[in-house]
Structure formats: C-alpha cells, structure tokens
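Everything below concerns the one structure shown next.
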Amino acid sequence: MHVMESINRQTWRNPWALRDYRRSSGYLNEGERAAFAIGAPRTGRGRVLDIGVGGGRTAQLLRDVASDYIGVDYTPEMVELCRKNHPDLRFEHMDARDLSAFPDGSFDLIVFSYNGIDSVDAAGRLAVMREAARVLASGGAFVFSTFHRGWRGFEHRIDYRRLEWTSNPVRLGLRTLRYVEGRISGTLRQRRLRPLEQRDGEHAIMLHGAHDFGVMVYATTPAQVRSQLAEAGFAMPALVLDLDGKPIGAAASAEHEYFHVVAHKPGL
C-alpha cells in the first residue's frame, strides 16, 4: 500500500471526518450538477454504480435516475454510515481497483465524486479507470472529479478549517476547542507529510488542506486525464468541466482547484 493511501484511510476513519460526511448533502457546485446531467443514462433510468460514497450524499442525487443502484466504498465505517442514512439502498464494502464482483457491462453510469479517485496512487488510478471501462455498458458514462495539478492552493497551503458560529455557549466552546485543536494538528501534519509530496511531472502527489491537512491526493491536468482515459479504453475526447460547469480545454487556470470529467465507453 502506498504511503498516501495509509494516511488517507486513517483520516476517513476519523470520527470528525465521518461527522462531516454524515452532514453533507446536495450538489457540490454547478459543475457537478452539469456532469451528472450529461452522464445520466440516455434512456431515463439505468444501472448506477456509485463509488466512494462517503456518507451517501450522491446516493440521494442519483436514485432518481437509477433503475438499480449500488454504492461502494473502501472504508467500512463509511459503508455502515450509508446504510444508516439510506436503509432502502444497497451499499457494499469494495475497492474500486477491483470490481470483479461485477461482470462486464453491468452499469450504464458510474460515478466517483468528490475527487475520490485521487485517494490512490498512479497505478491504482489507472486500475480504477480500467475497471470502470470494463463494467460499463457500451455508451455508458464514467463521471468523476479530480484535483488540478496547477491549482494555486497547493502552493499557498489553503487551510479549510473554519469556526462555525452558534449562539449556544456550550456548543461554541466545543467548536472553538475543536477549531484550535484542528489548527494545531494541521500544522504538525504539514511538517510531517510535506516531505512525502511528489511534485515532479505533469501529475503529482500533494498534501491537501482538507481534514486538517489529513489527506494526500493525486493531482493532474486536463490533458493528462484525457490521456489516461484513452489508455483505459474510453472514447475521446472526454469532457472536462470547471466548477461552474464550463468546458475546459487542454489547460486549466490556477484558480481551478479541481474539475469534473465525463467519459463515455465507446458504443451507442
């Protein structure tokens, strides 16, 4: 297991991370909304595989276009959280690099949201793409988001920790304590994990500020992700959208933290 994955798995099991994912709902931005709409089954409803489901945010968004829905995650705690949040849907503990439980052509739409594909190394990423291509039916879509290698936030070390205001003095005290604790732990993690970054080349492994600098992510470019998708067997050109839902060409602005991708399997 790559060191970045060991770090990320530990973060996903953290009670604070589980709390954040339990509370999340709705689309992240207009880019995600557009990508989901473009990738939706062309017949109205279809077989949907939702990878890296976290707390089940996307389950609620995808159920209306699914004739059959399956959500998977490689973190057991997340799977249990999804089952509690959506007891009427099916969730399984599964790694996206190995979808051998499903035969070829099993799904019309595969979604891997919130940059989940960036939680594994380069070899694992390609394995995810190949497996997605295999289990998609002809003409089916793979919709995912991925971090931008040139985003300025990787250089400026943007901290995502914010103090949430409440008029309840007890809750405010607890939140303040958590905020201070998070800032301290985030500073310590930066010192410990920054030497593990790999910055050379078009794609890289970078430390991200989410979860108090608790995740290391694979970051790429629009050109590189299209090249990887072509190698995995997807039709070209894959559509790349910014967070506002506008198409991106071969290059992306340094203001783009990540982008959404819609890739179709050759066929109908």
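Taking packing as the residue-averaged number of other Cβ atoms within 10 angstrom, the listed peptides 68-79, 187-198 run from highest to lowest as 68-79, 187-198.
Computed from backbone phi, the HN-Hα couplings of region 197-203 come to 5, 10, 9, 7, x, 6, 10 Hz, rounded to whole numbers (Karplus: 6.51 cos²θ - 1.76 cosθ + 1.60, θ = phi - 60°; Gly and Pro given as x). Using bins of 10 Å that start at zero, the share of Cα-Cα pairs per bin across region 147-260 amounts to 13, 34, 27, 18, 7, 1, in whole %. When a 1.4 Å probe is rolled over the protein heavy atoms, the share of accessible surface on region 40-166 that falls to carbon and sulfur comes to 50 percent. When semi-axes √(5λ) of the Cα gyration tensor in Å is calculated for this entry, the matching label among (1) 30, 23, 17; (2) 24, 21, 20; (3) 40, 26, 17 is (1). Rolling a 1.4 Å probe across the protein heavy atoms gives the chain an accessible surface of 46 Å² per residue. Helical content alone sets the calculated 222 nm signal of the chain at -11500 deg cm²/dmol, taking -39,500 (n - 2.57) per DSSP H segment of four or more residues and averaging over every residue.
Ranked highest first by average number of other Cβ atoms within 10 Å, how do 132-143, 220-231, 22-33 line up?
So the order, starting with the most tightly packed, is 132-143, 220-231, 22-33.
Give the shape of region 1-156 as rounded, prolate or oblate, defined through the alpha-carbon gyration tensor: a ≥ b ≥ c are the square roots of its eigenvalues, a/c under 1.5 means rounded, and otherwise the shape is prolate if a/b is larger than b/c and oblate if not.
Judged from the Cα gyration tensor, region 1-156 comes out rounded (a/c under 1.5).
Any idea how far the Cα center of region 13-77 sits from the one of region 201-266, in Å? Between the Cα centre of region 13-77 and that of region 201-266, the gap is 18 Å. Over the chain, what relative contact order in percent results from Cα pairs under 8 Å that are six or more residues apart? Relative contact order of the chain: 22 percent.
The values are calculated or read from the model by the stated rules, or taken from the named source; none is laboratory data. Given the structure is predicted, the values throughout are model-derived calculations rather than measurements. Every residue, glycine as well, gets a Cβ built from its backbone with ideal geometry; the counts of neighbours run over all protein chains shown. Calculation scope for accessible area: heavy atoms of the full protein, side chains included, ligands and nucleic acids excluded. Shrake-Rupley method; radii C 1.70, N 1.55, O 1.52, S 1.80 Å.
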